[in-house]
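Below is one structure, written out as structure tokens; comments come after it.
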Amino acid sequence: MKRTVPLIITATVGLLLIVANFVPALSELSEDGTTFFSIIAAIAFVLGGGSLLKVHLKKLSDRDRGWAYSLIVLGSFFVTLVVGLFKIGAPPNPAYPDKPWAGGYNEPGTFFNWIYEYLFYPLTATMFAMLAFYIASAAFRAFRAKNFEAILLLGTAFIILLGQTAAGPALTNWIPPDGPFAGLRLEELSAYVMDVFNTAGSRAIVIGIALGIASTSLKILMGLDRSYLGGGN
Amino acid sequence: MSRQAIGVTVVLSILAALIVARSLIGDGSGRVYTRTVTTEMVEVRLPASDPAAVDEEQARQGQVVTEEAWVPVDSEEAKKYASEGAATISWTSRKNVPYSQVRASPDDEGISFSWSQTLGIWLAALLTLAIFSFLYKDNPIYKTAESLVVGVSAAYWMVVGFWDIIIPNLIGRLAPAFVEANFTPGLTDLEPQWRYLIPAIFGVLLLMRLAPKGQWLSLWTLAFIVGTTAALRMVAYIEGDFITQINATIEPLYQVVRNADGTTDGYATLWASIRQLILVVGVLSCLTYFFFSLEHKGAVGKVARVGIWFLMITFGAAFGMTVMGRITLLAARFEFLFDDWLWIIDPNKQREVASVISMITG
Amino acid sequence: MSRDFKDPIRSRLRPGLLAAFAVLVGGMAAVAAPPPPTDVEATDRPWDGGGVVEVTWSAPDVEGLEGFQVWRAMTAGETLAARSKARLDALAELKQTAYDNEYRRLVDVEGVAPEDARMAADKVANLALGQASLQKDFGAPATATDDGSSLILIDTVGPETTSKMVPKLLSADKDGNPVEYAFVVRTIAKDAGGDIEYSGYSTPSEVVVAKAQFLNLTRAPLLIILLMLCGAVLYFILKARRGVALKIRTIAGLAAVDEAVGRATEMGRPMLYINGIQDMDEIQTVAGITVLGRVAKTAAEYDAPIEVPTSRSLVMSAARETVEASYLTAGRSDAFNPDLIYYVTDEQFGFTAYVSGLIVRDRPAACFYMGSFFAESLILAETGNSVGAIQIAGTANPSQLPFFVAACDYTLIGEEFFAASAYLSGQPEQLGSLKGQDMGKVLVGVVLLVTVTVATIGAVTGSESLMDAVAWFKSTVLSG
Amino acid sequence: MGFFERIGNLDRRWIFLLMGLAVAIPIIIIDVTGFIPPELPMPKAKSTFQTLDDLPAGSKVLLSWDFDPATEGELGPMANTFIRQCAQKGHKMYFMALVPVGAQMIRSTTSDVIGTYYPDLVYGEDWVDLGYKAGNEAVVKTLVTDFNQMFPSDARGEPLSTIPMMSGIKDLTAFDAIVSVTAGYPGCKEWVLFASTPLKIPTVVGCTGVIAPQMYPYYPQQIQGLLQAIKGAAEYELLVNDWVRRDQFRNTLLAMGVEVSGEDSMGDLPSTSEELDAWAGDHVGKGLTEAQATEVRGFASEKKAELVAPVDAPEPGLFLEAQKRMGPQLSAHILMLVLIVLGNLTYFVTRRRGGGR
């Protein structure tokens, strides 16, 4: 019972949605499926929030190493949640100023927007920007011409990187742009690499992925792969 | 204290001293000024905007069909239609003022120093530095920033999920009249759509996980989700990726390129044909690499090796292409620090005289 | 047809529509131009998802034929919309005129103050509007003219064509009533002087409804491709079940999984498993969960702790189920600690910040990145590398593969990642599915080789029929 | 330990520091000195400029801002420059967005460019903001046949029938060019496939580095111009800035009653009133007649200063953003290239010494 009903649900829902592709009367089902998912995922926030609270409250009550950081997590979590859910500081909606809950929760002027602007955005954007540093260290450490494959990888990266600065095109500017060797100008060369080699490689990867996804989906729908239900083998 | 710790402390102290010094030189740094704006709305009865809504009987009696609306007090509509003693609602909000304006009119009463936003700028700048400090090593400052970002962002997405998904898509579908009355006035479709009980039920089943009994019911929700995902993705990937990519590859290997006058351009034809040939060879050899039931030996091994070459070129190219965008992101963070916070640079010429450099140069 | 009489607007419009045609057809006689096509017929395309009608006609016998123009008449709904828009425009204009006149009269002639004049003028204008709005039919409908404004040009086709598939039609209107379409065709021909001339409009076709049938057979090629791919996978799964041994090549990254778990045990340090940052609506996440089940089983056998921070609440739920079951299978359910599988935050870079810190502090011996990753891939992999962890990654996001390839010890590239779950399970039927996937690749190879060869021969020899065959294949079978 | 061993064991924090300096220092230097890294406009940027320049003034241009704040650093500058070229040329601008936050991007770029530098353009007559429309490629497909169905009103809620510049616009064929600034899906690809290709409307595209390769096959048949990330933006910015200077100079000449013909004659503009006389002499027969040259030479000194002012004035910071950002870009790329070379040298040297492990 514990395992059978879920398998029946998976198979039924899956079959219905696949059939919907070929039966016009059911064509709206796939859109519904996507909306339903987003709703369930939003409800699941209760579980995520519960997990977050449990982890950090435990650290706090155990006085674990670094419990003060758990206090920061919990504090910032609750403050953000409260100001967001209760729309604290939200200006009225100009079209309906008489309805107190009609204003936007993230309008400029709300406390929630302040948190977004001065906490959320700088923190996440800086984390994103850290990538530039890691790219440099990866280029230094990992791009070594150990074998022919590695030479291809770093050689291509080299050409493309060069082609994206003003220096690159300047190096090959002496090649006449209309002649037979125009293709060797750096900007043309990097365009050619992207256009031909990159397209070929990406196409094969994408075709392979599609096959992998089809086969994985099929196994899931047939109940062969049910690890997500805790039925690994 | 270890030698390293002393070094770090010294560097940090110097930085802090520099920042304090910067704040005291000239116009200082990192400040925001705002102008208070008052919005005042008045309730009026406007003639119905849609002439077709005019009722025949009322019209015959010379009555005008009207609808209630709120308009700005100083608008044309308000002057035309507002009656004596009509309800008004007013509130204030604040608008940022560039520093150049503050300098130009220091006596303007409407402009005031914004504590909250100035504090925000400083906080954002310090947190930016806190994250960067991780590059040196893990440290309490980074841990503080990390805890903040986890707490804030977890709550952020929950709030977004509540107001942007639960309210409009779930409650708004099951109890539209309630949502219309409270949250989104102007909603037109007020009929409940009962099929949205399905996600509601599955959502409740999922939460059974928290209940003392019947936790296994949450598996039903997972089953529903995974079944939906598998079916939608299978068809989407086969239709959108598999078929279209094959379709795009089917082109003749002989690609004629013509000049404007209709003659064949020899070089271009050759290049285009080679391009097409490489493309087809590349796709086929890469696919061979992904073959699972054949060991990479002999002829298969050789073709698969060519496939790896193509993959490596693909990866190298993708790497190079991605770098550019990432560096722009870092530059944008530095621009924030130098421009909005420290007022060292001034790309938008807001502070002219305020800039440190122009102060030094006179 | 009985519906028409229940609906007053429709029944009123119907004669109007035909009248419009009568005008058009009548006007045609005056033009000394090529004759219009005859026998114009419109039929609903059978077995489709609706919205497509095929129009056919007989070409007239005329010198210098250049092609045909296919037009369709506005539907009842469109005519109604056009008429009501015209009516609203007229009403609005009428109101504005009334207002202006009254306002000027009050201010200029009677010397009323502008504020008061506005109010008074508005009352007059609204009265005028109210009276005018009693008149429901506002002037003649703009459609009954022979300037073609009631017709919509669909396409111009060449002289050898005598049929046209008209797509993007409506099957039913908002209320579910069928929408009726009628079509006319014009001849385009060159006159003796070489100038392009158009014929008048042909006799309109009978009205047709672009119905949706129960089955949409225009999507049959997709169905066949799906059946072929799934069939191949099923065939080999069943074959494997019957006990036929299937050989699968070694995948380097997968062989390393056991090694990584072993090493973590030796070093007495934990393992970190990141299941991507997407939710359960992404197959990669589900595939990552499957691999997690296998890794957790090995971990349970070795008694090595495995930590799974997740970026989505649902993924946390599924991961807990999987890991718990793995510990159960390994006979170590007492060692299962659900608190090691926890939710962090949905935010991509909030999650990244947390995991980076975690890696540096806990110094895991092994890191697994299995799922859908984006820009955080390199941050995580480089941080893991800096603490000397053995790292295995698998993703189907092509743009992130270069970063994993550069920074990890082993990377499962695209399809290999999906193969991992089958491979790791070691079940014969799962291996069968891999063989089935290979058949899919064989199919792709054969199709590509054949069609490209045919297309090339066609291009070199200039054979139209070969080119047409390839074009047909691309547009029908591989329509996507 | 030799040099290469030391490099080989280099603490990666030194690399981080180098990267940080490679990005930070150019930002400050560029701002302080006003030095702009040189750019060489490539054919794709030139044809982008040319496509919009070839249209007669008053042409209708549809600008679709299909990007978000995350890619604003790369795409914002080119969006600003697109607006600048259209505004200076006198094209009518119709803004819309296929991604939700694109609406914000429209608001910020129009207020930055039109609000600050072209305040005399009238909303509803010279430009209109149609806002965001949900539906991805379906939006484009619908616009091809019916504009009003998708846009009953503009982003401010005004019915389109009341907006003067919308009269006569029934579908996409009414437009003379399409500009798409794209960060992903939906964006330029949808515009090319469903609008510009079937309708043969000139189209120019600006996109991020990751998407650009997908667009190469469409150039130059289906799209007439392609700007690739910040580099493309910098090249285009350079072209437009240069042209705007010449155009402003010419307009000032016209305002002073000197009728000039031929835009090419505006090359090598004088930047001081002293150079003006020499310039006028050089351009006799190249856009100026002898009489006109004499007239220019004969201007009083204030009038000369006034004439040179538009050329001499510093370029607004907003229109140098992309070129400025190429500074850190250039130094960071060169650093990356040096690091790759250094890493490999180290690898070969240590491998040889270590006996080829």
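The values are calculated or read from the model by the stated rules, or taken from the named source; none is laboratory data. Note that this is a predicted model, so its numbers are computed, not measured. Heads up, the Cβs are rebuilt from the backbone with ideal geometry, glycines too, and the neighbour counts pull from every protein chain shown.
Here are some notes:
- Within the set C:126, C:101, the sole residue that is of a type outside the set (D, E, K, R), modelled with pLDDT of 80 or more, out of contact with any helix residue (DSSP H, G or I) (no Cβ under 7 Å at 6 or more places or on another chain) and not assigned by TED's automatic domain parsing to the domain that holds residue C:170 turns out to be C:101.
- Residue in segment C:346-358 that is buried (at least 24 other Cβ atoms within 10 Å of the Cβ), touching a strand residue (DSSP E or B) at 6+ places or on another chain (Cβ under 9 Å) and under 20 Å from residue D:11 (Cα atoms) present: no
- Tabulated pairs, segment D:326-338, first under 15 Å from residue D:35 (Cβ atoms) and more than 8 Å from chain B (Cβ to nearest Cβ), second of a type in the set (Gly, Ala, Ser) and in a helix (DSSP H, G or I), C-beta under 9 angstrom, 6+ apart or interchain: D:326/D:233; D:326/D:234; D:327/B:331; D:330/A:167; D:331/D:22
- In the condition set (1) buried (at least 22 other Cβ atoms within 10 Å of the Cβ); (2) part of a helix (DSSP H, G or I); (3) within 7 Å of chain B (Cβ to nearest Cβ), residue A:47 is compliant with all but (1).
- Selected residue (criterion: farthest from the chain's Cα centre (by Cα)) from residues of segment A:13-39 that are hydroxyl-bearing (Ser, Thr, Tyr) and under 17 Å from residue B:224 (Cα atoms): A:30
Here's the yes/no breakdown for (1) out of contact with any strand residue (DSSP E or B) (no Cβ under 7 Å at 6 or more places or on another chain); (2) in a helix (DSSP H, G or I); (3) within 14 Å of chain A (Cβ to nearest Cβ):
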site	(1), (2), (3)
D:135	yes, no, yes
D:139	yes, yes, no
D:148	yes, yes, no
D:168	yes, no, no
D:178	no, no, no
D:201	no, no, no
D:213	yes, yes, yes
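- Sole residue being over 19 Å from residue D:88 (Cβ atoms) and either acidic (Asp, Glu) or in contact (Cβ under 8 Å) with a residue 60 or more places away in the chain (or both), chosen from D:112, D:154: D:154
- Condition check for residue D:276: in contact (Cβ under 8 Å) with a residue 60 or more places away in the chain and in a helix (DSSP H, G or I): no
- Residue within segment B:124-145 that is within 7 Å of chain A (Cβ to nearest Cβ), in a helix (DSSP H, G or I) and among the charged types (D, E, K, R) present: yes
- Residue A:87 of a type in the set (D, E, K, R) and either closer than 17 Å to residue B:151 by Cβ or surrounded by 22 or more Cβ atoms within 10 Å (Cβ to Cβ) (or both): yes
- Output for segment C:334-353, where each listed residue is hydroxyl-bearing (Ser, Thr, Tyr) and either assigned to a helix (DSSP H, G or I) or more than 9 Å from every other protein chain (Cβ to nearest Cβ) (or both): C:352
- One residue stands out in segment B:162-215 among those that are closer than 18 Å to residue A:90 by Cβ and among the small types (Gly, Ala, Ser): the one that is modelled with the highest pLDDT, namely B:181.
- Every residue from segment B:78-123 that is aliphatic (A, V, I, L, M) and not in a helix (DSSP H, G or I): B:82, B:86, B:87, B:89, B:97, B:111
- Some residue of segment C:417-434 being buried (at least 24 other Cβ atoms within 10 Å of the Cβ) and within 30 Å of residue D:70 (Cα to Cα): yes
- Taking the criterion of being surrounded by fewer than 23 Cβ atoms within 10 Å (Cβ to Cβ), assigned to a helix (DSSP H, G or I) and either among the charged types (D, E, K, R) or at positive phi (or both), the residues of segment A:176-218 that qualify are A:187, A:188, A:195.
- Subset tally (residues that are more than 12 Å from every other protein chain (Cβ to nearest Cβ) and of a type in the set (Phe, Trp, Tyr)) for segment B:89-123: 2
- Residue within segment C:383-402 that is of a type in the set (A, V, I, L, M), within 22 Å of residue C:272 (Cβ to Cβ), under 33 Å from the mean Cα position of the chain (by Cα) and at the interface with another protein chain (Cβ under 7 Å from one of its Cβ atoms) present: yes
- Restricting attention to segment A:137-174, the residues that are more than 9 Å from chain B (Cβ to nearest Cβ) and of a type in the set (Gly, Ala, Ser) add up to 7.
- Criterion applied to C:276, C:293 was being in contact (Cβ under 8 Å) with a residue 40 or more places away in the chain and surrounded by 24 or more Cβ atoms within 10 Å (Cβ to Cβ), and the one residue passing it is C:276.
- Close pairs (7 angstrom Cβ cut-off, 6 or more residues apart or separate chains): more than 21 Å from residue A:212 (Cα to Cα) in segment B:291-311, among the charged types (D, E, K, R) anywhere: B:309/A:149
- Within segment D:9-25, the presence of a residue that is touching a strand residue (DSSP E or B) at 6+ places or on another chain (Cβ under 7 Å), closer than 30 Å to residue C:374 by Cα and assigned to a helix (DSSP H, G or I) is excluded.
- All positions within segment D:262-283 that are at pLDDT below 80 and aliphatic (A, V, I, L, M): D:266
- Verdict on residue C:331 being assigned to a helix (DSSP H, G or I), of a type outside the set (Val, Ile, Thr) and either crowded, with 20+ Cβ neighbours inside 10 Å or more than 9 Å from every other protein chain (Cβ to nearest Cβ) (or both): no
- A count restricted to segment C:247-265 and to residues that are charged (D, E, K, R) and touching a residue at least 12 places away in the same chain (Cβ under 8 Å) stands at 3.
For (1) surrounded by fewer than 14 Cβ atoms within 10 Å (Cβ to Cβ); (2) within 10 Å of chain B (Cβ to nearest Cβ); (3) among the β-branched types (Val, Ile, Thr), each residue gets a yes or a no:
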residue	(1), (2), (3)
D:12	no, yes, no
D:26	no, yes, no
D:41	no, no, no
D:45	no, no, no
D:51	no, no, yes
D:55	no, no, no
D:58	yes, no, no
D:65	no, no, no
D:68	no, no, no
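- Residue within segment B:301-312 that is more than 43 Å from the chain's Cα centre (by Cα), surrounded by fewer than 16 Cβ atoms within 10 Å (Cβ to Cβ), basic (Lys, Arg) and in a helix (DSSP H, G or I) present: yes
- Count - residues of segment A:59-84 that are within 21 Å of residue B:210 (Cα to Cα), at pLDDT 95 or above and either more than 7 Å from every other protein chain (Cβ to nearest Cβ) or outside any helix (DSSP H, G or I) (or both): 1
- Filtering segment D:26-57 to residues that are within 25 Å of residue A:185 (Cβ to Cβ) and in contact with a strand residue (DSSP E or B) (Cβ under 7 Å, 6 or more places away or on another chain) leaves D:44, D:45, D:47, D:48, D:51.
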